[in-house]
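Trainee: Quick one: structure below, then a few questions.
The values are calculated or read from the model by the stated rules, or taken from the named source; none is laboratory data. Computed from a predicted structure; not experimentally measured. So basically every Cβ, Gly included, is an ideal-geometry build from the backbone, and we count neighbours across all protein chains shown. For the accessible areas, the whole protein counts, side chains as well, though only heavy atoms, and no ligand, DNA or RNA atoms are used. Shrake-Rupley method; radii C 1.70, N 1.55, O 1.52, S 1.80 Å.
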Amino acid sequence: MPQATATLAAAERTRDGARSPGSDFAPLLRDAKAQGLLERRTGWYAAGITVNLLALAAVVTGIVLLGNTWWVLPLALPLALLWARTAFVGHDAGHAQITGNRKVSRVIGLFHGNLLLGMNEAWWNDKHVRHHANPNHIDKDPDVGVGALVWTQKQAAQREGFARWLTRNQARLFFPMLLLEGIALKVSGFQYLKRQPLRERALSAFLLTAHLGLYATLLLTVMSPGKAVVFALVHHALFGLHLGMAFAPNHKGMEMPDPDGDRWDHLRRQVLTSRNVRGAVLTDWFLGGLNYQIEHHLFPSMPRPHLRLVQPLVKAHCEAIGLPYTETGLVESYRQALTHMHEVGAPLR
């Protein structure tokens, strides 16, 4: 899905929540607008992007200066952390949080996703928009579809062979499997190219290939092939683990709408399926603002620094109408997610 389409879809979802004047979401949306919380923070993002790019340049410089030595390997950690910051920028651009200009948003997404990370922003946006529209819906949310992992006992019952063994043990294998996610994101992006329109496909393919060329050139010109391979594997493993740790707490183990049941309204569809993570500035930085998952799902185009500000409004509104609002610590969020995965695989043990 093109960036412009993803941006439009996000905006339409926000409007849909307030389409009915009597909806439970409408008063919350009015309060957020009245406090200016839906206004863009372009300067905040510009400063953050600049700092991140300078930090990336500093790490790359360190790699070049250290050269062909195993002492370069520790730099895979800060590079992975900064790549995650880069991914968070691409995520926010896809939601039109940075700017309302669709072309600018797409340029930001292409630069941060395709060129810097080698991750196809069109693939990500297509998948992510469908997730936002129907979070945790087994038939509509690609994040809870059958893949390496499964999310319901009905899905688990259909597993056979190695996949059945994997499902039995998926809770204990979850974090080790995240070590492969950095590479899997690249593979999925290339696979998605065939689904893109010709002109968009050409641009995406060029940038993805340019990323691989630049990344390989950097490593192979400053270290031996063996060290380059080890560095790339460690770097991508840490990157995948970090991203997985940021996304895992958000929905796993939360309510899953019954495909045959009543359709929930916007407020319930987003609040009941999402989990927030308590914390301060460090948590906000580590999770890229995704720790305010409820607020992000209710207001997908809201700038990241405003999610903390709108949270008290959302909590008070949910309490006033008797809607459960889930918030927990980071470690507890992982425990709940892993417990859910363990229970899904229980009938196979």
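Trainee: Helix-only estimate, please: 222 nm mean residue ellipticity of the chain, summing -39500 (n - 2.57) across DSSP H runs of length 4 or more and dividing by its residues, to the nearest 500.
Mentor: -20500 deg cm²/dmol
Trainee: Measure off, as a whole percent, the carbon and sulfur share of the 1.4 Å-probe accessible area of the chain, all protein chains present.
Mentor: Of all accessible area on the chain, carbon and sulfur atoms account for 64 percent.
Trainee: Just checking my list [x] 15.8; [y] 24.7; [z] 18.4 against mean projected area of the Cα convex hull in nm² computed from this structure; which label fits?
Mentor: This structure yields the entry labelled [z].
Trainee: Normalise the Cα radius of gyration of segment 188-319 by 2.2 N^0.38 Å (N = residues in it) and let me know the number.
Mentor: Working it through for segment 188-319, the quotient is 1.44.
Trainee: Percentage of Cα-Cα pair distances in segment 111-158 greater than 16 Å, rounded to whole percent?
Mentor: Within segment 111-158, distances greater than 16 Å cover 50 percent of Cα pairs.
Trainee: With a probe of 1.4 Å, find how much accessible area segment 65-123 has per residue, and write the answer as a whole number in Å².
Mentor: Here the per-residue accessible area is 37 Å².
Trainee: Okay, moving on. Tell me, what is the percent relative contact order of segment 66-212, built from C-alpha pairs under 8 Å that lie six or more residues apart?
Mentor: Reported as a whole number, the value is 23 percent.
Trainee: Under DSSP H, which helices of the chain have Cα atoms covering 24 Å or more of the helix axis and a Kyte-Doolittle average no less than 0.0?
Mentor: What comes out of the filter, once short or polar helices are dropped, is 42-66, 76-94, 198-222, 225-247, 304-321.
Trainee: Counting only C-alpha contacts under 8 Å and six or more residues apart, can you give the relative contact order of segment 263-319 as a whole percent?
Mentor: Relative contact order of segment 263-319: 31 percent.
Trainee: May I ask you to give the solvent-accessible area per residue for segment 219-349, in square angstrom, as obtained with a 1.4 angstrom probe?
Mentor: I get 40 Å² per residue for segment 219-349.
Trainee: Further question: Let me know the shape class of segment 59-217, please: from the alpha-carbon gyration tensor, a ≥ b ≥ c as square roots of the eigenvalues, rounded when a/c is under 1.5, otherwise prolate if a/b is greater than b/c, or oblate.
Mentor: oblate
Trainee: Still on this structure, I have one more. Based on the mean of other Cβ atoms within 10 Å per residue, sort peptides 216-222, 279-285, 308-314 so the most packed one is first.
Mentor: 308-314, 216-222, 279-285
Trainee: Here's something else I'd like to know. If R0 is 35 Å, what FRET efficiency do you get for Val64 and Ala320 from their C-beta distance, rounded to 0.05?
Mentor: After rounding, the FRET efficiency stands at 0.05.
Trainee: Set the bar at 21 Å for Cα to Cα. Now go through Lys33/Lys127; Lys186/Lys252; Lys127/Lys194; Lys140/Lys186; Lys127/Lys186; Lys33/Lys140 and name every pair that lies beyond it.
Mentor: Going by Cα-Cα distance, Lys33/Lys127; Lys186/Lys252; Lys140/Lys186; Lys33/Lys140 fall outside the 21 Å limit.
Trainee: Between Leu220 and Val331, what FRET efficiency follows from the Cβ-Cβ distance if R0 is 45 Å, with the result rounded to 0.05?
Mentor: Approximately 0.70, to the nearest 0.05.
Trainee: Compare the peptides 65-71, 40-46, 97-103, 30-36 by average per-residue count of other Cβ atoms within 10 angstrom and give them in order, highest first.
Mentor: Most protected by this proxy first, the peptides run 97-103, 40-46, 30-36, 65-71.
Trainee: Between Gly322, Gly288, Gly261, where does the largest GNM mean-square fluctuation fall for the chain, given springs only between Cα atoms within less than 10 Å?
Mentor: Judging by the Gaussian network model, the answer is Gly261.
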